[in-house]
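A.B. asks: Handing you this structure, nothing more for now.
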Amino acid sequence: MIAGRGQSILVLLGAPGAGKGTQAGILKEKYGLLHVSTGDMLREAIKDGSETGKAAKGFMDKGELVPDGVVTELVIDRIAKPDAAKGVILDGYPRTLAQAESLDASLGKQSKKIDGVLFFRTSEEVAIQRLTGRRVCPKCGYNYHVTNMPPQVKDVCDKCAVPLIQRDDDKIETVKNRLTVYNDKTKDLIAYYRKAGNLIEVNGDLSAAQLFDDIAAIFRREGIVK
Ligand code: AMP
């Protein structure tokens, strides 16, 4: 956001495993923005047994996309809540051209627009290594990685002391399908946002700390988030 302009809206775009969620966590801490992850919201909905969760589960288990209308409604509702007033980081949304167009239309009606789209360019090998090595605490949701960010005790959450689990969709076959879906449906958004003039490319293969330094420098230079 340029100071005084209202809600900042940032989009994180890139393949599964490009490091969007990790950077979103850091950006949230450093800039006080709300992290809106459609994947996390859908996993919550499944845990709660809600209608949205029931509609989403079959798609998610296979690594397919949940229908556009379901996710768009979740996002539009969430970014209108009071705790989103300073700004939001959209992580994993939009993922199709239809979602991108719905988002633009909905923001346009409120005289808002996207401030920047960070595109995390990454190699497929790095993405696969990150996703298949990811382990999650079933209690607090914290993410670890078997080699890149291991817990102090193997396979046990540092904070909750419960055994870590692997997300079903982080298993190799589903990971491969998620990457195919990304190549088929989400990659088109790179050209869409480049044309709109707000695509900012970053190197998703860097370590989390190095990448954050690069992003912070871009924000300072471009005056995107204060
Ligand atoms: P993620 O945690 O972002 O990798 O998302 C996990 C899964 O949730 C995806 O593989 C999709 O099944 C579903 N999902 C998350 N975001 C979206 C979206 N914007 N559109 C459709 N499906 C989504």
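The values are calculated or read from the model by the stated rules, or taken from the named source; none is laboratory data. Note that the coordinates shown come from a computational prediction; the quantities given were computed from them, not determined experimentally. Glycine also receives a Cβ, built like all others from the backbone with ideal geometry; neighbour counts cover every protein chain displayed.
A.B. asks: Residues Gly204, Gly223: which one is surrounded by 12 or more Cβ atoms within 10 Å (Cβ to Cβ) and in contact (Cβ under 8 Å) with a residue 24 or more places away in the chain? I'd like the intermediate steps shown before the answer.
C.D. replies: On the way: Gly223 fails: surrounded by 12 or more Cβ atoms within 10 Å (Cβ to Cβ).
Exactly one of Gly204, Gly223 is surrounded by 12 or more Cβ atoms within 10 Å (Cβ to Cβ) and in contact (Cβ under 8 Å) with a residue 24 or more places away in the chain, namely Gly204.
A.B. asks: Take Asp40 and decide whether it is within 15 Å of the ligand (Cβ to nearest atom), farther than 28 Å from Ala208 by Cα and either of a type in the set (Ser, Thr, Tyr) or within 18 Å of the chain's Cα centre (by Cα) (or both).
C.D. replies: no
A.B. asks: Across the range 105-149, what is the number of residues that are outside any loop (DSSP other than H, G, I, E, B), farther than 17 Å from Lys171 by Cβ and touching a helix residue (DSSP H, G or I) at 6+ places or on another chain (Cβ under 8 Å)?
C.D. replies: Final tally of qualifying residues: 6.
A.B. asks: Applying the selection to the range 45-84, what residues are within 19 Å of Gln99 (Cα to Cα), assigned to a helix (DSSP H, G or I), within 11 Å of the ligand (Cβ to nearest atom) and acidic (Asp, Glu)?
C.D. replies: Correct list: Asp68 only.
A.B. asks: So which pairs qualify, if the first residue must be in the range 165-177 and within 10 Å of Leu131 (Cα to Cα) and among the aliphatic types (A, V, I, L, M), the second must be modelled with pLDDT under 95 and in a helix (DSSP H, G or I), the Cβ gap must be under 9 Å, and the two must be at least 6 apart or on different chains?
C.D. replies: Val175/Asp169
A.B. asks: Step by step: first the residues of the range 168-224, then only those that are within 17 Å of the chain's Cα centre (by Cα), among the aromatic types (Phe, Trp, Tyr) and within 16 Å of the ligand (Cβ to nearest atom), then the one that is farthest from Lys28 (Cα to Cα). Which residue is that?
C.D. replies: Looking at the filtered set, the residue picked out is Tyr182.
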